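Participant: Let me give you the structure first, and then I'll get to my questions.
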Amino acid sequence: MIDPASKTSNTPQAEANESLDPADWGEFRAQAHRMLDDMLGYIETIRERPVWQPIPDEVRARFLGPAPRQGEPLAKVHAEFMRDVVPFTQGNVHPGFMGWVNGGGTPVGMVAEMLAAGLNANLGGRDHIPVEVERQVTRWVREIFGFPEGASGLFVTGTSMANLIAVLVARDAALGFDVRSSGVAAKPRRLTAYTSNAVHGCVPKAMDIAGLGSDALRLVPCNSRYRIDLAALEETIEQDRAAGFTPFLVVGTAGTVNTGAIDDLAALADLCQREKLWFHVDGAFGALARLAPELAPRLNGIERADSLAFDFHKWGQAPYDAGFILVRDGETHRKAFVSPAAYLKRAARGLAAGSPWPCDFGPDLSRGFRALKVWFTLKTLGTERLGAAISRSCALARYLEARINATPELELMAPVELNIVCFRYRAKDSDRVNEEIAVRLQESGIVAPSTTRLEGRTVLRAAFVNHRTSRAEVDALVENTLAQGRKL
Ligand SMILES: Cc1ncc(COP(=O)(O)O)c(C=O)c1O
């Protein structure tokens with residue numbers, strides 16, 4: 001005899017109730033709309049909040065509880081999010097955020113992320129339109145940077161990962177793709193790479209991860225504008241060749257992290273062509289200055305790079321994370337990562353069609369739909385509006401430069417090349433005073449610059465990336481720096 005209970009649990013309705021979907025879709029929908037509204041309200045009223053505020057101990061302590069065994073209502077967890085998470089974020093959505101290099105995001109990027117999460121697409125491979133969206137963005141990126149049709153592109157977490165991929169492709173191109181199985185230790189040639197001493201720390205890290213060692217990255221001095229010294233670069237390459245090393249890669253930077261300097265990319269392209277070296281450009285934030293007509297000529301030579309790394313989550317204003325790697329020779333790129341596996345067999349038809357797949361161009365097999373937020377951003381805002389926001393960031397940097405030059409208590413510490421301004425409050429104990437000013441400004445919740453070291457000195461550093469930042473925040477930075485400096 002059939003047990004009536006088991007019969008019930010076998011009905012499609014009963015099985016559906018065992019899924020993790022809401023039991024009451026109407027109630028869930030109403031709650032989800034409240035959550036969307038709250039988040040839009042958060043962005044709309046961002047100026048009414050502090051940029052950042054210290055996290056009270058009791059708030060931090062609430063994140064120490066054990067893993068939940070039983071679920072709680074969504075509304076309750078959302079209330080917790082609004083109370084404990086929202087007020088204590090980094091603050092890069094706020095126009096007063098000027099630290100490091102962080103994008104502000106946009107409402108359109110936020111809703112696109114929601115749509116991507118709803119589709120729950122896995123962009124490792126297979127034949128579906130989300131992969132075509134990524135391919136379309138890749139074609140747009142090629143067009144923006146003047147790369148040829150055969151160039152390959154891939155969304156990654158950020159420029160740190162994009163630079164790593166570039167180093168690996170360049171390494172394999174230099175040593176032969178069998179290095180992927182033999183390992184670098186089996187190769188007699190000792191590869192060396194070249195960049196300026198203003199390089200971002202992720203490039204030496206990439207050399208380390210690639211098994212080449214960060215010491216094999218030669219840090220060439222910069223000129224007075226923090227651009228790589230080309231004569232010193234040539235000399236270092238020559239010395240290394242004479243000493244039996246095999247130079248293989250030059251990394252130029254389009255927008256150095258400290259000062260926003262742009263290396264002479266055309267000269268680096270010439271040098272790499274002459275010396276037969278791989279030319280990679282780290283354009284983490286600066287590359288997208290290509291969208292601003294008056295800045296674009298400063299990036300001349302970028303179109304000749306063998307590979308280019310940059311982020312859409314910085315000046316592209318897409319929500320985190322959205323890094324991108326573009327490689328001139330897509331086939332070389334593919335050969336550096338493609339790995340056969342029976343369970344990833346390709347087909348001419350069906351879901352397993354569409355080879356090569358994105359997983360053939362990088363280390364990740366499971367990949368989210370990062371492309372969608374960028375696709376929405378580019379389609380709704382257009383490259384011209386994004387370019388205009390980039391121009392405005394640079395105009396703000398020049399405005400701050402002018403205010404510093406007109407204020408005897410302040411001192412400009414590096415040429416303003418793009419969107420970054422390094423300066424300090426003049427004081428006897430300058431390093432300590434400026435470090436303290438930065439912390440006090442951050443704690444004030446009004447503006448949040450960061451600090452860096454230039455020529456052995458601590459300086460205040462304001463990077464304008466957020467499209468919401470205006471002269472009002474620049475004025476607040478100057479006035480509050482002076483007020484804090486005078487108190488110290
Ligand atoms: C010049 C440069 N390169 C690389 C990076 C690292 O990029 P990501 O933080 O996206 O990994 C940054 C970050 O600010 C940068 O400014």
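The values are calculated or read from the model by the stated rules, or taken from the named source; none is laboratory data. Keep in mind that this is a model prediction, so the values were computed, not measured. Positions of Cβ are backbone-derived with ideal geometry, glycine not excepted, and every protein chain shown enters the neighbour counts. Surface accessibility is based on the protein's heavy atoms, side chains included, excluding ligands, DNA and RNA. Shrake-Rupley method; radii C 1.70, N 1.55, O 1.52, S 1.80 Å.
Participant: Could you check Asp270 against (1) more than 15 Å from the ligand (Cβ to nearest atom); (2) closer than 15 Å to Arg304 by Cβ; (3) touching a Leu at 6+ places or on another chain (Cβ under 6 Å) and say which number it fails?
Facilitator: (3)
Participant: State yes or no: is Asp321 within 12 Å of the ligand (Cβ to nearest atom) and either of a type in the set (Val, Ile, Thr) or surrounded by fewer than 24 Cβ atoms within 10 Å (Cβ to Cβ) (or both)?
Facilitator: Working: within 12 Å of the ligand (Cβ to nearest atom): yes; either of a type in the set (Val, Ile, Thr) or surrounded by fewer than 24 Cβ atoms within 10 Å (Cβ to Cβ) (or both): yes.
In short, yes.
Participant: Which pairs have Cβ atoms under 7 Å, sit 6 or more apart or on different chains, and link a residue in the range 38-65 that is closer than 19 Å to Val439 by Cβ to one that is open to solvent by 60 Å² or more (accessible area, probe 1.4 Å) and part of a helix (DSSP H, G or I)?
Facilitator: Pro54/Glu443
Participant: Of the residues Glu435, Glu411, Glu401, which single one is open to solvent by 20 Å² or more (accessible area, probe 1.4 Å) and in contact with a helix residue (DSSP H, G or I) (Cβ under 9 Å, 6 or more places away or on another chain)?
Facilitator: Working: Glu435 fails: in contact with a helix residue (DSSP H, G or I) (Cβ under 9 Å, 6 or more places away or on another chain); Glu401 fails: in contact with a helix residue (DSSP H, G or I) (Cβ under 9 Å, 6 or more places away or on another chain).
Just a single option satisfies the conditions, and that option is Glu411.
Participant: OK, next. Checking Ala287 against (1) over 17 Å from Val101 (Cβ atoms); (2) within 14 Å of the ligand (Cβ to nearest atom), which test does it fail?
Facilitator: Checking Ala287 against (1) over 17 Å from Val101 (Cβ atoms); (2) within 14 Å of the ligand (Cβ to nearest atom), the one that fails is (1).
Participant: So Asp240 ticks every box in (1) open to solvent by less than 10 Å² (accessible area, probe 1.4 Å); (2) away from the ligand (no atom under 14 Å from the Cβ) but one. Which box is left unticked?
Facilitator: (1)
Participant: With Phe369, Phe376, Phe361 as the choices, which residue is open to solvent by less than 70 Å² (accessible area, probe 1.4 Å) and either hydroxyl-bearing (Ser, Thr, Tyr) or over 30 Å from Ala210 (Cβ atoms) (or both)?
Facilitator: Exactly one of Phe369, Phe376, Phe361 is open to solvent by less than 70 Å² (accessible area, probe 1.4 Å) and either hydroxyl-bearing (Ser, Thr, Tyr) or over 30 Å from Ala210 (Cβ atoms) (or both), namely Phe376.
Participant: As an exercise: evaluate Thr332 against (1) away from the ligand (no atom under 16 Å from the Cβ); (2) free of Cβ contacts under 8 Å to residues at least 40 places away in the same chain and give the number of the one condition it does not meet.
Facilitator: (2)
Participant: Give all pairs with beta carbons closer than 8 Å in which a residue from the range 99-113 that is part of a loop (DSSP other than H, G, I, E, B) meets a residue that is of a type in the set (D, E, K, R) and within 16 Å of the ligand (Cβ to nearest atom); count only pairs at least 6 apart in sequence or on separate chains.
Facilitator: Gly99/Arg461; Val101/Lys314; Asn102/Lys314; Gly103/Asp311; Gly103/Lys314
Participant: Same structure, new question: Residues that are surrounded by 15 or more Cβ atoms within 10 Å (Cβ to Cβ), modelled with pLDDT under 95 and part of a helix (DSSP H, G or I): does the range 379-397 have at least one?
Facilitator: no
Participant: For His280, work out the one condition from (1) open to solvent by less than 60 Å² (accessible area, probe 1.4 Å); (2) more than 17 Å from Ala170 (Cβ to Cβ) it doesn't fulfil.
Facilitator: Among (1) open to solvent by less than 60 Å² (accessible area, probe 1.4 Å); (2) more than 17 Å from Ala170 (Cβ to Cβ), the lone unmet condition for His280 is (2).
Participant: When Phe97 is evaluated against the numbered criteria (1) hydrophobic (A, V, I, L, M, F, W, C); (2) open to solvent by 30 Å² or more (accessible area, probe 1.4 Å); (3) closer than 30 Å to Glu48 by Cα, which criterion, by number, is the only one it fails?
Facilitator: The one condition Phe97 does not meet is (2).
Participant: Something else about it: Does the range 177-194 include one or more residues that are under 18 Å from Ala243 (Cα atoms) and of a type in the set (Ser, Thr, Tyr)?
Facilitator: Quick first cut of the range 177-194, residues under 18 Å from Ala243 (Cα atoms) only: 187-194.
After this cut, where a residue has to be of a type in the set (Ser, Thr, Tyr) as well, the list is 192, 194.
Within the range 177-194 (the criterion being under 18 Å from Ala243 (Cα atoms) and of a type in the set (Ser, Thr, Tyr)), the answer is yes, since at least one residue qualifies.
Residues are listed down the side, and each one gets a yes or a no for (1) surrounded by fewer than 20 Cβ atoms within 10 Å (Cβ to Cβ); (2) out of contact with any helix residue (DSSP H, G or I) (no Cβ under 8 Å at 6 or more places or on another chain); (3) under 24 Å from Pro95 (Cβ atoms):
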| residue | (1), (2), (3) |
| --- | --- |
| Thr407 | yes, no, yes |
| Val459 | no, no, yes |
| Ala463 | no, yes, yes |
| Leu482 | yes, yes, yes |
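Participant: Does Asp57 meet the test of being in contact with a Lys or Arg (Cβ under 9 Å, 6 or more places away or on another chain) and either of a type outside the set (Lys, Arg) or closer than 25 Å to Pro319 by Cα (or both)?
Facilitator: For Asp57, the condition - in contact with a Lys or Arg (Cβ under 9 Å, 6 or more places away or on another chain) and either of a type outside the set (Lys, Arg) or closer than 25 Å to Pro319 by Cα (or both) - is not met.
Participant: A follow-up question, please. Count, please, the residues in the range 286-310 that happen to be aromatic (Phe, Trp, Tyr) and more than 19 Å from the chain's Cα centre (by Cα).
Facilitator: Residues meeting the conditions: 0.
Participant: Using the structure shown, decide if Leu400 is away from the ligand (no atom under 16 Å from the Cβ), under 30 Å from Ser470 (Cα atoms) and at pLDDT 95 or above. Show your work before the answer.
Facilitator: Working: away from the ligand (no atom under 16 Å from the Cβ): yes; under 30 Å from Ser470 (Cα atoms): yes; at pLDDT 95 or above: yes.
Against the criterion (away from the ligand (no atom under 16 Å from the Cβ), under 30 Å from Ser470 (Cα atoms) and at pLDDT 95 or above), Leu400 qualifies.
Participant: Mind checking which helices (runs of 4 or more DSSP H) fall wholly inside the range 119-232 and carry at least 1 residues that are of a type in the set (A, V, I, L, M) and either within 16 Å of the ligand (Cβ to nearest atom) or open to solvent by 10 Å² or more (accessible area, probe 1.4 Å) (or both)? Walk me through how you get there before you give the answer.
Facilitator: Numbers: elements: 129-145, 159-175, 179-182, 202-209.
The qualifying helices (runs of 4 or more DSSP H) are 129-145, 159-175, 202-209.
Participant: Condition test on Val108, is it among the β-branched types (Val, Ile, Thr), modelled with pLDDT of 95 or more and closer than 30 Å to Arg461 by Cα?
Facilitator: Values: among the β-branched types (Val, Ile, Thr): yes; modelled with pLDDT of 95 or more: yes; closer than 30 Å to Arg461 by Cα: yes.
In short, yes.
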